Structures are given as structure tokens and as C-alpha cells.
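The next block holds one structure in the form of C-alpha cells; read it before the comments.
Just so you know, all these numbers are worked out from the coordinates, no wet-lab data involved. Given the structure is predicted, the values throughout are model-derived calculations rather than measurements. Glycine gets a Cβ as well: all are built from the backbone with ideal geometry, and neighbour counts include every protein chain shown.
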């Protein structure tokens, strides 16, 4: 099922320093201490439900591990030291596992089988093809996966028999459909086809008749996301915002075509699914930047309550096939997630793994607070404020406007070591959910369409007014930081609003939309038309895309900035960062460039994260605190 983060611990010998603040003493921790937290996700049950399969970066890079449901130590199943391994699941009747891995972030994933004796087999060996695991069939005799080996643009659907380990194509995808599930009787498949980022079409395919039925005919814009079929295979459940601002759950009767609302809340239903036998329905709700999970006993129509002593947000749930046990994750924005096991019979939950480094006192960290402020046009902008313990009106501190990725992402109340590291060093952070962010209704989500780097950027600029209003921000020292689309926003700020921020940190951000939109990975073909509708088609909207691309306005940059990039990034090519760095340096601007030759769109390796985050802190200390350090060896 779906998962998030948790983690045991590997330790560093480090030095710490105490900082006396206006309110209390706060211990300042090194980045090595923060990165000694173990990031963990997964939690798939073994066939006998005696252990769980998880992925952690305990070794410094992601590998597959098991942990007993009764509690105990993690046992490594893979020992990769070069490229990340991400666990998928156990086999239905034995201890074989599936995992997927690419080559240092190039996103060309293969599916691998690991036998209990450690033997590994590449089940999808075509070197140029990308493969994506979809699901086990309900009879557990085979699994489905997608592969673009026939046509790099489209993911055909294959069934892999687990006895012969021989795949066969069961759906040739020539129209750019996105697979979204199969019924338990294996007769129906659900598909979605993006039209725009605000408008989808949904289809039901009969395996027996080989006919595709369009089941989402509608007026206006609406998104659709199939979430699974009924236990009898006679109904499809899906979420949609058709006729509403927020997504709700619908039950579609396959025989009659009748649709009825099954669940609805005042926020988006993020996901919803039935347990293996159908006894429980698990629903995740995106409630103001945090996940709220509800579990219902479908037979009794009664909500299952989590134990009252659980502190923090329930993040993710996975119910075992026997429906006797359940795992879930609990976390906050100042604490990595904790893995729990729950017994339905006793109603008791037991902690299995906690990833916060014991050297770190949680009281020294900072919980985010959801706030809202008015933008330049009066639009209410949601954001998450992190106020360091050591700042106050008497001792104001420097601040960073944090911009999430996307477009269409969302800053959420979850733990991120770089954020807590910078807060611990005294930086106020305001994580902005600018117009165009998800989670706040479809109108808000669509407000940045073909307006990127313009009104959404001004939402980030106006965040400075909110920061000034707090009374504890040093308004002369405010920077902007972001990754991917957020990195683009950093560079857009430094080119179109060059005096607004004292500095910027661009983490693999787009700088030339004309190139990026032409060079998107081939497997994004099904989404390309929707992306072009939102961002602009480089063949038709070249004037606007040129206007918003920071590279072509690098002569306007006057403030120092930093760029971090992975050489294997298939989404934002290295040349994007190379060129903006050179253009700014040609203009006499101070630029620090950090390039990793073994990373892609995001940094997986812990040693690279440590280097990147440490260099970010040294750079910001110089630009926003006036502290010069050649090498920040302790902090």
C-alpha cells in the first residue's frame, strides 16, 4: 500500500554547541546529526505476516530491509552502495521480494526479484526500457507492470506469471492512457487520460470484450482518479472534483452506469481503498497541509478509532491480507515518522521503529504552524511558518521564503531535515503554498495556469510583508529557496524582481522553459499535452516562455545565489544549471555551483545530502548573517 518515513539509527561522533536565546537554551546540531535520522518507508507484510518489508537509507543509500512485527532489529536484504534500491513487496506465498532500481537517478527503473538466498534477477532486463510495478492480481498468481519497451512514449501493460516468470502483454497502450487498477476478477481495467492538469477523462476497459468505455463524460473541468474496484468486481470507486471545489469519493455501478457519492469532506480526499477482504475502507484526506486518515469497518459502517495515546499525525496505513494486523506511521513536521503495528483484535498499537537520532532533543526542533496572508491582489495564501526558538522581537533573525516543487505541489506539515537544520541555525522559514498549489480547491489550483513566474511569484514576494509583520524577522536579510519548480521560482525572483531577496538557493530548478518543455522524458508523453496546456506549448507560446525563462534575463541578476544539480536528472537537464551559472558569472554575480555526478532529480545518497545541506548553510550564513567560513566542518 502507500507509505512514508520512519527509521533506526547510525551515529556520528560530532560536536555540538549551545546557543543562548532570548527565551531558552537551544542546542545547535550538525548536519551529520540531522542526517543520522534514518529515513524509512514501506511496510508490506510477509506471507506469514511475521515481518515487514521496508526501505531505509540506514547504510547511507536506500536499500531493502525487513523488521519483525514483534519488534527487533532491521535485517538488510540488499547491500547496494552505488544506486538506490526501493522495496516493492514480498511474494504472496514465500519470502521472495520484488524491488525496483534505476541508475543513479536516471528514472529508467527495472523490476528485480530477490530470492531468500540472495540471488537477484532482473525481470525487466531491456536496458533502455522503463518498468513500473502496478499491483498483484487478486488471485496472487501474477502481477501487473507497465513498460515502454515497445514505444518509449507509452506504458504497455504486462502480466508476469510468478511460476514461470514469463511476461505477456495484456494491453497495448497506443493512446496515452494511464493505468489505474484492475478488478478482482481481472475482467475490468480502469484508465485515466489527462487532457489538462485540471481536466481528465476516465475509461473502463473490458479484458474479455477488449472494448474501452468512456465513463466520465462531463461539462467543465474535472479530475478523476480511480481508487479500486468493489470486492464483487461490479463497481469502480474513484475520486473526482466534478461539480465541486474538492475531491470526493464516488461509487460507479458497472452494469447500470449509476454513480453515487460514497464519501465527502470539506477537503480533498487524497486516496481511498479497500483492505484485501474488503472489511475495511481506508481514506486519506488532505486537510490544510496535513493528512487525516479515517478507517471504516464496511460491514458495521463504523469508524475504527486509533489508540488515544498516539501523538502526532497518522500518515499512512497498510492492512495485512488476513486483516488481523495493520501498520501505520505517525509523525510531525519536527519529528521523523514512527512505525507502529496495530492489532485489530486487541485494539493495541506497538511502536516498531523511530528514526530521530537520540542525540537530538525534539524540544530543540520546531513544529510548523499553518498561517495565511493576503497577496498583492487580496488572494489569501496558505503557508507554513517555522519560528526558531532563538529568535524574538528583541533578537530578530534572517528568513527564507521556501517554494515547493511542481508546478502544483504543496508544502506540507512533514519532516524535512534541511528545514529543521536551517531552523536550528536560526533561520525563520515560511513555506509558501502559492496560487497553483494543490490541496486548496480546483479554482486555487488553476490560478497559475500560463501565469507561472508572475502572479505566483508575487505571492512569494508578498510573503516578505507577512514576515515583516511578525516582528521577529530581520527584514534586511530575507532569501528565497526552492527545488525543481521552486528552483525556477528562485531564479524568476532574482531576474524579474532582482532587489526583493538578498540571495537565493536554486535546487535543480528550470531556467529555460523552451528547452525543458521540448526535452521532457519520453515516458511523460501521456501527460505532455496537459503540461503544455498549463505551461505553454514551446511551438506556440515561445514568446511567453522566453519572457518567463530566467536564463534569457540573467543580465538582471544582481544578488548572489547558489545552484545545486544532479548530472543524471532527466527532468531538469544539467545544462539548465550550467548555463544560468555561467550567464550570471559573466555578469559579475557571485554564484556557487554544486554538481553531483551520481544523482538525478533529487539527492538520494546521504553523503551527497550532507555535502549539499552543509554548503547551503555555509552559503546562507555568509549572505544573510555575514559569517565567512571556507569550510563549515561542525555545522
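Side notes on the structure shown:
- The long axis of helix 455-470 is offset from the longest Cα principal axis of the chain by roughly 60 degrees.
- Using a Förster distance of 51 Å, the FRET efficiency for residue 443-residue 558 (Cβ separation, nearest 0.05): 0.90
- Whole-number Å³ per residue for the convex hull built on Cα positions in segment 477-550: 80 Å³
- Label-to-label distance, nm, for residues given as residue 174 and residue 376 (7 Å Cα→Cβ offset): 4.9 nm
- Cut-off 19 Å, label 7 Å out along Cα→Cβ of residue 126, residues of segment 79-119 by amide N: 100-103, 106-113
- Evaluated over segment 13-139, the Cα radius of gyration and Dmax, each in Å: 18.7, 63
- C-alpha long axis of helix 485-496 to longest principal axis of the chain, angle in °: 30 degrees
- Rg/Rh for segment 366-625 (Cα atoms only, Rh after Kirkwood) is 0.94.
- Here the extension length gained between residue 518 and residue 574 equals 18.7 nm, from 0.36 nm per residue of separation less the Cα-Cα distance.
- Taking every alpha-carbon pair within segment 156-261, the share separated by more than 25 Å comes to 22 percent.
- Per-residue [θ]222 nm for the chain (sum of -39500 (n - 2.57) over DSSP H runs n ≥ 4, rounded to 500): -4500 deg cm²/dmol
- Degrees, to the nearest 10: 574-586 long Cα axis against longest axis of the chain: 10 degrees
- Using a Förster distance of 41 Å, the FRET efficiency for residue 140-residue 213 (Cβ separation, nearest 0.05): 0.90
- For segment 527-635, the spread of Cα coordinates along the three principal axes comes to 51, 32, 20 Å, biggest extent given first.
- Segment residue 309-residue 590, extension gain: residue separation times 0.36 nm, minus the distance between their alpha carbons: 96.0 nm
- Simple spin-label estimate for residue 27 and residue 251 in nanometres, 7 Å along Cα-Cβ: 5.3 nm
- Relative contact order (%) - criterion: Cα under 8 Å, at least six apart; region: the chain: 11 percent
- Estimated distance in nm for a label pair at residue 258 and residue 395, the labels positioned 7 Å out from Cα along Cα-to-Cβ: 6.7 nm
- In the chain, inverting the average of 1/r over every pair of distinct C-alpha atoms gives 25.7 Å as the Kirkwood radius.
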